[in-house]
Amino acid sequence: MASEKNTSKDMFSGSTATAIVVANMIGTGVFTSLGFQLVSIQSGVGIMALWLIGGIVALCGALSYAELASRLPRSGGEYNFLSEIYHPCAGFISGWVSATVGFAAPTALAAMTFGVYLQAVVPSAPPMLSATLLVIISVVVHATSHRNSGALQAIFTKLKILLIVGFSIAALISLTEWQPVRFVPNTSDIATLTSSDFFVSLIYVSFAYSGWNAATYLAGEVDDPQRQLPKVLGLGTLLVIGCYLLLNVVFMLSAPTEALAGQLEIGVIAAKAAFGDLGGKIMGGMLAILLVSTVSAMIIAAPRVLQMVGEDYPFFAWLARRNKHNIPTVAVYTQGAIALMFMWSASFESILIFSGATMALNTLFSVVGLFILRHKHQGTPAFKQPYYPFPALIFTAITTATLIFLTLQRPTQLLVSLVIIVSGATLYFLVTPRKKHPNRAH
């Protein structure tokens, strides 16, 4: 990872951007969603296929976003992409989705999981109070400066990787007997891999991998973004794929399927099976620490969407206000407040499925936009997606199939997502957009 020394104090280095991608991705999903998956898919091959396919889809998405960011190098992620490719209304809806669901919901989930894991170690610590304090502290730190923000993120992300690898190795060594889970495929797995349950479970997995696009939200604050972002997105996603495959193997080998199925605190259950009650509590505390970097990373990336909306729409100009260190402080505090509202008003699983579906729609339209940019020859990219159009096609096909199966099995969640989208379109027509921002790529 690049050094911070040659980086402007008002910019993020490539190493910090990579840390933000990794921390955004490794959060609630991998430590909770296995329990939901095992309810309908009790197959080691099926579970590992889920995480491998989800990783491939995320990597294909990351390669697509790397080119999008290279062609349209401005902060804001999908807000910037969809505004330029389709129409400002599409970008506004995307920004509305990102602010209300794309980041606020996962931030709430990560903080809630932190509270659950912390209580497993400290029974007297109320989960909701712990989650609330974590969000508030993260908001306060990230509203100060790039130096403080980047330092906090780098420390906790490195700690996260070390703890995951250390936990996995220690668990495999400590177990006196591994669970009889089959990881070698045979013909009986075909039915599982083609079932509707498998595709619906991909929503859980896609949620766990969400965050591979995080660096594009702060492209305008990254040193040399056209050169750095492809490396950041690719390296960050590959690191996470490796961690996820390793963790799920360890979880399934540590504890019986019936002990994991339907449970939220998967990490604690696996740790207790491997190390006993005391060791499980210690590992539960460590897993809680991992989630600090996740909440932190989301509170870095998310406000940049609100900031871009504030720059482009007079009605929301207050969101673009920055402090002397060029940090969008008002947007940071606003994003934190939205995350707290999610935490206090909805259940865990309903937030997970609903936010996963909404974010999938957001990224799907962005990747489809790459085909449009290529056709129009828009932008002069420093990076072009390798093996185009296959990565973009793989991402588009699997994401579309997942959404179709989700619509058939869980129509209510998708309906709520559509309500959010329609409300964003309605709000767009109630505000007056400014002229095109002078720093936008054409």
Residues that are more than 28 Å from M359 (Cβ to Cβ), touching a residue at least 24 places away in the same chain (Cβ under 8 Å) and of a type in the set (K, R): does the range 131-149 have at least one? yes
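Give the residue, chosen from S188, S201, that is farther than 22 Å from T107 by Cβ and buried (at least 24 other Cβ atoms within 10 Å of the Cβ). Walk me through how you get there before you give the answer.
Working: S188 fails: buried (at least 24 other Cβ atoms within 10 Å of the Cβ).
Just one listed residue meets the conditions, S201.
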Filtering the range 266-310 down to residues that are of a type in the set (D, E, K, R), touching a helix residue (DSSP H, G or I) at 6+ places or on another chain (Cβ under 6 Å) and at pLDDT below 85 yields K281, R304
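Only one of these is over 27 Å from A105 (Cβ atoms), assigned to a helix (DSSP H, G or I) and touching a residue at least 60 places away in the same chain (Cβ under 8 Å): A270, A259, A274, A288. Name it.
On inspection, the qualifying residue turns out to be A274.
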Has the range 110-118 got any residue that is within 30 Å of N323 (Cα to Cα), surrounded by 17 or more Cβ atoms within 10 Å (Cβ to Cβ), modelled with pLDDT under 85 and not hydroxyl-bearing (S, T, Y)? yes
Can you find even one residue in the range 370-391 that is of a type outside the set (G, A, S), under 19 Å from the mean Cα position of the chain (by Cα), closer than 29 Å to S201 by Cβ and in a helix (DSSP H, G or I)? no
Which of the residues that make up the range 157-185 are over 24 Å from V21 (Cα atoms), surrounded by fewer than 16 Cβ atoms within 10 Å (Cβ to Cβ) and touching a residue at least 60 places away in the same chain (Cβ under 8 Å)? L172, S174, W178, R182, F183, V184
Subset of the range 407-434, residues in contact with a Ser or Thr (Cβ under 9 Å, 6 or more places away or on another chain) and in contact (Cβ under 8 Å) with a residue 60 or more places away in the chain, comes to L408, Q409, Q413, V416, S417, I420, I421, S423, G424
Would you please name the residue that is modelled with the lowest pLDDT, looking only at residues in the range 1-42 that are more than 20 Å from P106 (Cα to Cα) and surrounded by 24 or more Cβ atoms within 10 Å (Cβ to Cβ)? F12
Residue among F395, F390, F371 that is modelled with pLDDT of 90 or more and touching a Cys at 6+ places or on another chain (Cβ under 6 Å): F395
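Residue under question is K324, and the condition is that it be surrounded by fewer than 24 Cβ atoms within 10 Å (Cβ to Cβ), part of a helix (DSSP H, G or I) and basic (K, R); does it hold?
Numbers: surrounded by fewer than 24 Cβ atoms within 10 Å (Cβ to Cβ): yes; part of a helix (DSSP H, G or I): no; basic (K, R): yes.
In short, no.
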Can you find a residue that is hydrophobic (A, V, I, L, M, F, W, C) and not in a helix (DSSP H, G or I) anywhere in the range 49-62? no
Quick check: anything in the range 282-292 of a type in the set (V, I, T) and over 30 Å from G76 (Cβ atoms)? yes
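The values are calculated or read from the model by the stated rules, or taken from the named source; none is laboratory data. Quick caveat: nothing in here was measured; it's all calculated off a predicted structure. Every residue, glycine as well, gets a Cβ built from its backbone with ideal geometry; the counts of neighbours run over all protein chains shown.
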